[in-house]
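The values are calculated or read from the model by the stated rules, or taken from the named source; none is laboratory data. Here the structure is a predicted model, which means the values were calculated and not measured. Cβ placement follows ideal geometry from the backbone for every residue including glycine, while neighbour counts extend to all protein chains displayed.
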Amino acid sequence: MPAPRDIPAHRFAFGCHRFGFGPAPGGGAVDVTKHVVPMVKTALDLGINTFDSAVLYRATLQLGRALEILNVEPQAIRFQTKCLRYLGLAIDGAVEHQPDALLQGIPARYHGLTDRWDPSAAGVEQQICRERIEFGGGTLYGVALHDSPDMEKQVGLTWETDVRPAVRFLQTAKNGGFVQRIGLGIKEPAFIHRFIKEEPGVLDYAGLTFCPSILGPLMGIIKAAQQGPKFEVTLMGINYGQAFTLTQDPVTAPDFLYNYEVATAEERALMSRYFRICGSTPLLHLAAAVAGQLVVHFPDVMTQIVTSTMTPSRLVETIKLIREAEVPAPVWRELKAAELIPGDFPTN
Ligand SMILES: NC(=O)c1ccc[n+]([C@@H]2O[C@H](COP(=O)([O-])OP(=O)(O)OC[C@H]3O[C@@H](n4cnc5c(N)ncnc54)[C@H](OP(=O)(O)O)[C@@H]3O)[C@@H](O)[C@H]2O)c1
């Protein structure tokens, strides 16, 4: 058996998004004592010291309460969050942009609200101050500008008015010591290259929603980060929602998420190609192995994997898979021959 990948616990971050909207395991609303405390305790027991949230998720107060209950000083953890998109009133023509698949089963307290965008200095200040109060700690380890590519797709995006004011405010907050790092939290790899051009020298970390089917574009981002000006790259999840957790052929599987929207026929067909080549190796193992290989082979750039669940044993399992999941050499070879994995990707 090959040695496990050497990936220290500080390379992982726990994603808090479900502490807000849920659902809890088995359905229903999230209860801090019953669900959040065991989840946070498991992360800490694993040595995971970084927690990732967003003002949109309405999840950070639950994290802060769990830390209090566990008697953990908030300053003892690293807390990173996201700004720009938040929940506002569904009035004045404001429409919901999140796909229905993500909205099912959310608690009644979120009904009648919708996602809104506020890049103003005053708006971003409110967002990040709120996050700091709810977390309960001092400085913020990172604040990511999230969802700009979604905004562009849904209603259009004007850089000067929709992004730049937030960047300028975060730079001021960083200079003042309130924010330690400025990041991105996005689903569209090309946006990272655009951000670097528009805002040279600003980016500390690029958080990208990930799965192996975007490994090609990710390698381009790693190259850009190595060439400088330097920035770190972090993986926001490794499965594109549920796409790499499927255990039946994606062509005929019931509806599933691919990059947090219901998979189209084309995406089903793509996932099916991975599924058939992987054979007895679960897709979940392929996603975990790719993520693990990235952190091991590009340690200066690939600094963090954000993963999330509401089931403590699943967090233990995911960390173990990222360190230990094996993909047989013939499977790697076939995936490369089919151009589903880039030919130069380091597989051992
Ligand atoms: N930009 C965006 O729009 C966006 C969207 C979503 C998330 N994010 C960020 O990315 C972070 C990570 O997201 P994520 O954790 O959802 O991404 P992920 O790692 O891509 O997917 C995790 C999903 O895999 C499932 N899973 C894990 N192990 C499994 C197993 N053994 N069997 C079956 N299912 C399994 C989990 O199910 P269970 O949860 O049921 O255990 C969960 O639904 C979030 O915290 C958030 O900050 C960003």
Original post:
For segment 53-76, does any single residue satisfy the condition of being surrounded by 24 or more Cβ atoms within 10 Å (Cβ to Cβ) and in a strand (DSSP E or B)?
Top reply: no
Subject >> Pair list, Cβ < 9 Å and 6+ apart or interchain, from segment 78-100 residues that are among the acidic types (Asp, Glu) to residues that are part of a loop (DSSP other than H, G, I, E, B) >> reply: GLU96/ALA90
Original post:
Considering only residues of segment 90-101 that are within 16 Å of the ligand (Cβ to nearest atom) and not polar (S, T, N, Q), which is farthest from GLU261 (Cα to Cα)?
Top reply: GLU96
Original post:
Could we say that LEU208 is within 16 Å of the ligand (Cβ to nearest atom) and under 14 Å from the mean Cα position of the chain (by Cα) here?
Top reply: yes
Subject >> Within segment 255-306, considering residues that are in a loop (DSSP other than H, G, I, E, B) and free of Cβ contacts under 8 Å to residues at least 12 places away in the same chain, the one farthest from the ligand (Cβ to nearest atom) >> reply: PRO299
Original post:
In this structure, does ILE238 turn out to be touching a residue at least 40 places away in the same chain (Cβ under 8 Å) and either in contact with a Pro (Cβ under 6 Å, 6 or more places away or on another chain) or in a loop (DSSP other than H, G, I, E, B) (or both)?
Top reply: yes
Subject >> Complete set of residues in segment 102-126 that are under 24 Å from ASP31 (Cβ atoms), of a type in the set (A, V, I, L, M) and either away from the ligand (no atom under 14 Å from the Cβ) or in contact (Cβ under 8 Å) with a residue 24 or more places away in the chain (or both) >> reply: LEU102, ILE106, ALA108, LEU113
**OP:** For ILE196, state whether it is farther than 20 Å from ARG132 by Cβ and either more than 16 Å from the ligand (Cβ to nearest atom) or of a type outside the set (A, V, I, L, M, F, W, C) (or both).
**Re:** yes
Original post:
Just a yes or no: is a residue in segment 324-336 closer than 20 Å to GLY47 by Cβ, within 14 Å of the ligand (Cβ to nearest atom) and crowded, with 22+ Cβ neighbours inside 10 Å?
Top reply: yes
Original post:
Can you name every residue in segment 233-254 that is within 13 Å of the ligand (Cβ to nearest atom) and among the aliphatic types (A, V, I, L, M)?
Top reply: LEU235, MET236, ILE238, ALA243, LEU246, ALA253
Subject >> Residue in segment 30-49 that is at pLDDT 90 or above, assigned to a strand (DSSP E or B) and away from the ligand (no atom under 14 Å from the Cβ) present >> reply: no
**OP:** Restrict the check to segment 215-223 and report whether at least one residue is over 22 Å from ASN49 (Cβ atoms) and within 15 Å of the ligand (Cβ to nearest atom).
**Re:** yes
